[in-house]
Structures are given as C-alpha cells and as structure tokens.
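Colleague: Below is one structure. I have some questions about it.
The values are calculated or read from the model by the stated rules, or taken from the named source; none is laboratory data. The shown structure was predicted, so the numbers you read here are calculated from the model rather than taken from an experiment. Positions of Cβ are backbone-derived with ideal geometry, glycine not excepted, and every protein chain shown enters the neighbour counts. Side chains are part of the model used for accessible areas, which takes the heavy atoms of the whole protein and leaves out ligands, DNA and RNA. Shrake-Rupley method; radii C 1.70, N 1.55, O 1.52, S 1.80 Å.
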Amino acid sequence: MSDEQHPTSILDEKDPGDDTLERFKYQCSVAAINCVRLLAQSPDVVRVICENFEDILIERSDGSFVGLQVKTKRLDLDAFKATDDAVLKSLSRFCELDQLFPEVFCTFDFSTNHWFWENSESGNNLPWLLRSIKERGNVKRLPKTNPLRSFVQKLCRATGLSEEQVVATLCKTIINCRSEAIGHI
C-alpha cells in the first residue's frame with residue numbers, strides 16, 4: 001500500500017469530527033491564553049470560567065466580568081458580516097446577559113480566527129457599526145432605514161430589549177480578529 005492510499009495521509013471529508021475538534025481546540029487555546037494571564041498574576045484577572053453563559057468568562061479583580069465568544073471559520077470562507085447568524089446570535093446573547101446581570105459585565109468580546117467584512121460603511125460592516133454606535137452613544141433621531149438604527153432594531157427584535165439597552169451593550173462590545181488558521185493559534 002502506498003502512502004497516498006494510507007488512512008493517515010487522506011482526510012475523510014465525510015466525517016467533520018476533525019474540523020469540530022480543531023474548533024474546540026482553538027477555543028480552548030483562547031481560554032488557556034487567559035489562564036496564563038491568571039497564572040502570571042495579571043492584576044486584572046482573578047478567574048477564568050469556561051462554558052458558563054459564554055464560551056469564556058473572565059472575572060476581573062474589581063468584580064466585573066468580560067464575556068468572551070470565540071467563533072471560528074475556515075480562512076477560505078467569506079469574512080464575518082454583521083448580518084451573519086453567528087454574529088447576531090452572539091451579540092443578542094451579550095445583550096441578554098447584560099440585562100440578566102446588570103452592571104456586572106464591563107466588556108463583551110467577540111473574537112475570531114477570521115476577519116470582519118469592512119468593504120463599505122454599511123449594515124454588513126460590524127467594526128464600523130460598533131465604532132459608530134459608540135461614537136454616537138445612541139441611535140435616537142436616526143431614520144429607521146439608517147444602518148445603525150436598523151442593526152440595533154434587529155437586535156431589539158431578537159432579544160425583546162429596548163434600543164437603549166441594546167446600545168448600552170454594544171458600547172461595551174469589542175471585536176478581535178486574528179486572521180489565522182484555527183490550527184495555528
């Protein structure tokens with residue numbers, strides 16, 4: 001049997017288990033990086049909790065928390081857009097947690113191995129949307145067709161929360177993209 005026909009040299013494309021495991025490994029690596037901060041006695045990290053309310057919760061020394069969502073994607077796929085289900089579900093979850101635990105979360109972090117779509121200032125551009133909402137502090141007096149207001153309204157419908165509640169959470173939300181294959185963290 002040649003090496004080309006050996007089960008260790010051919011990827012079984014019918015079984016997605018290896019891809020799933022790589023994604024979990026990436027998420028665990030992000031958790032491990034934060035645990036190293038804890039072990040290094042970083043003054044702002046006192047505890048790292050995995051898979052409770054978020055992928056990772058980081059408790060800070062002042063008692064506040066960072067909620068961290070880790071989303072992975074193959075690099076040959078399109079960039080994350082603000083309208084993607086994975087993005088909307090994560091941001092909705094952030095909004096709901098912020099209401100469930102008032103004044104507990106100082107930051108919500110959407111991290112990915114991929115990148116975010118930034119081709120124009122539109123409703124697909126999550127970095128621009130978040131930056132613009134933070135600069136304004138609200139979406140009041142914007143027409144309903146404005147991308148900022150439309151985005152906030154979409155999250156309001158998904159969560160049952162008010163514009164003010166959603167905007168308050170989005171103002172605490174950061175995004176991080178590493179632009180690396182999931183096996184290279």
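Colleague: Kindly indicate whether Ser92 is under 30 Å from Gly183 (Cα atoms) and part of a helix (DSSP H, G or I).
Modeller: yes
Colleague: Only one residue in Ala168, Ala181 is over 29 Å from Asp76 (Cα atoms), open to solvent by 30 Å² or more (accessible area, probe 1.4 Å), touching a residue at least 60 places away in the same chain (Cβ under 8 Å) and not charged (D, E, K, R). Which one?
Modeller: That would be Ala168, the only listed residue that is over 29 Å from Asp76 (Cα atoms), open to solvent by 30 Å² or more (accessible area, probe 1.4 Å), touching a residue at least 60 places away in the same chain (Cβ under 8 Å) and not charged (D, E, K, R).
Colleague: Restricting to the stretch 66-89, what's the tally of residues that are part of a strand (DSSP E or B) and more than 13 Å from Leu126 (Cα to Cα)?
Modeller: The number of residues fulfilling the criteria is 6.
Colleague: Could you say which residue among Cys50, Cys28, Cys35 is in contact with a helix residue (DSSP H, G or I) (Cβ under 7 Å, 6 or more places away or on another chain), at pLDDT below 90 and either surrounded by fewer than 19 Cβ atoms within 10 Å (Cβ to Cβ) or part of a strand (DSSP E or B) (or both)?
Modeller: Selected residue: Cys50, the only one of Cys50, Cys28, Cys35 that is in contact with a helix residue (DSSP H, G or I) (Cβ under 7 Å, 6 or more places away or on another chain), at pLDDT below 90 and either surrounded by fewer than 19 Cβ atoms within 10 Å (Cβ to Cβ) or part of a strand (DSSP E or B) (or both).
Colleague: While we're looking at this one, here's another question. Looking at the stretch 98-110, which of the residues that are within 23 Å of Gln153 (Cα to Cα) and touching a strand residue (DSSP E or B) at 6+ places or on another chain (Cβ under 6 Å) is surrounded by the most Cβ atoms within 10 Å (Cβ to Cβ)?
Modeller: Of everything passing the filter in the stretch 98-110, Phe108 is surrounded by the most Cβ atoms within 10 Å (Cβ to Cβ).
Colleague: With open to solvent by less than 30 Å² (accessible area, probe 1.4 Å), out of contact with any Cys (no Cβ under 9 Å at 6 or more places or on another chain) and under 28 Å from Gly183 (Cα atoms) as the only criterion, which of Val139, Val87 stands out?
Modeller: Val87
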